[in-house]
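These notes are about the structure you will find just below.
The values are calculated or read from the model by the stated rules, or taken from the named source; none is laboratory data. All values reported here derive from a predicted model rather than from experimental measurement. Note that each Cβ is placed from the backbone with ideal geometry, even for glycine, and that neighbours are counted across all protein chains shown. Accessible surface is based on the protein model in full, side chains and every heavy atom, while ligands, DNA and RNA are left aside. Shrake-Rupley method; radii C 1.70, N 1.55, O 1.52, S 1.80 Å.
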Amino acid sequence: MIMNVIVVLIAALFPAILLLFYIWKKDTQKEPTSWLVKAVLWGVAIIIPVAILESGIETIIFSEGGIPTSLFGTTTMAFVVAALPEETFKLFALWMVLRKNPYFDEHFDGIVYAVCVGLGFASMENIMYVFGEENWFSTAIVRALLAVPGHYAFAILMGYYYSVYHFVDHSPKVAACVLLVPVLAHGAYDAIAMSGIVSSVIGGLSFIVLVYFCVKMHKVAKAKVLAMIEKDSYLTQNKS
């Protein structure tokens, strides 16, 4: 029994750990471990208030407590119930980590800390989903390939614009992008994924669209990572 719990826990946490290690390796000027752990723990901590807020919003919008049966309903749930509260709390957690962080001194740092927050949140969400399903293995596989990397990509987008605003451009447009871009990406992801609730036919088509969307989103996220690494490399070379 205990061994089964450990196996399921590893399956739930491994994707987030792998992606954390990947982004950590990309950082040429490593952040202090204590600050990275702090960011992860902030991501873990917000899972409770997010769950409470999402439950409240869902009760208000879908007062009868039923599952949405139209694309409008699933899209509303994706953006208003899921994406907006989750990304707003992630941004709050990121701000709490970076507002007095003396090591936040490079463009890529915003991405590193945002990924720590995002994957801290994603790991807890994944644990709840995987342990909540009888067929936990298939759930773990699908979420390892789509949902957890999704949170990783949303975090990269947030961290990118957070650093742009902090170091480069203090315009209202960039400030809005810090939250708006990850919310739009997250909402679009969830809207496609949830559309299968409406019918099995839509579900089959939406899965294909979701895979395509994820591939494109991760290409964008990778470009943001490379842009920040190149920016820091250029600034370092000019200083020397």
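So here's what we get for this one:
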{"item": "Criterion (out of contact with any Cys (no Cβ under 9 Å at 6 or more places or on another chain) and either on the phi > 0 side of the Ramachandran plot or assigned to a helix (DSSP H, G or I) (or both)) met by exactly one of LEU157, LEU119", "result": "LEU119"}
{"item": "Residue match in segment 182-203 (condition: loosely packed, with under 12 Cβ neighbours inside 10 Å and either in contact (Cβ under 8 Å) with a residue 12 or more places away in the chain or out of contact with any Phe, Trp or Tyr (no Cβ under 9 Å at 6 or more places or on another chain) (or both))", "result": "yes"}
{"item": "Residues (among the aliphatic types (A, V, I, L, M), within 14 Å of PRO182 (Cα to Cα) and open to solvent by less than 30 Å² (accessible area, probe 1.4 Å)) located in segment 89-118", "result": "LEU94, ILE111, ALA114, VAL115, VAL117"}
{"item": "Residue within segment 222-231 that is touching a Phe, Trp or Tyr at 6+ places or on another chain (Cβ under 9 Å), surrounded by 14 or more Cβ atoms within 10 Å (Cβ to Cβ), more than 14 Å from PHE154 (Cβ to Cβ) and free of Cβ contacts under 8 Å to residues at least 24 places away in the same chain present", "result": "no"}
{"item": "Every pair of residues 6+ apart whose Cβ atoms lie under 6 Å, when the first sits in segment 155-181 and is open to solvent by less than 60 Å² (accessible area, probe 1.4 Å) while the second is charged (D, E, K, R)", "result": "ILE156/LYS224; TYR160/LYS224"}
{"item": "Residue in segment 70-88 that is at pLDDT below 95 and surrounded by fewer than 16 Cβ atoms within 10 Å (Cβ to Cβ) present", "result": "yes"}
{"item": "Residue that is out of contact with any Leu (no Cβ under 7 Å at 6 or more places or on another chain) and either among the β-branched types (Val, Ile, Thr) or farther than 16 Å from ILE111 by Cβ (or both), where the choices are PHE21, PHE62", "result": "PHE62"}
{"item": "Residues of segment 33-66 that turn out to be farther than 20 Å from HIS186 by Cα and outside any helix (DSSP H, G or I), as a count", "result": "5"}
{"item": "Inter-residue pairs, beta-carbon under 6 Å, first farther than 24 Å from GLY110 by Cβ and of a type outside the set (A, V, I, L, M) and in segment 70-93, second assigned to a helix (DSSP H, G or I) and open to solvent by 50 Å² or more (accessible area, probe 1.4 Å), 6+ apart", "result": "THR74/ILE197"}
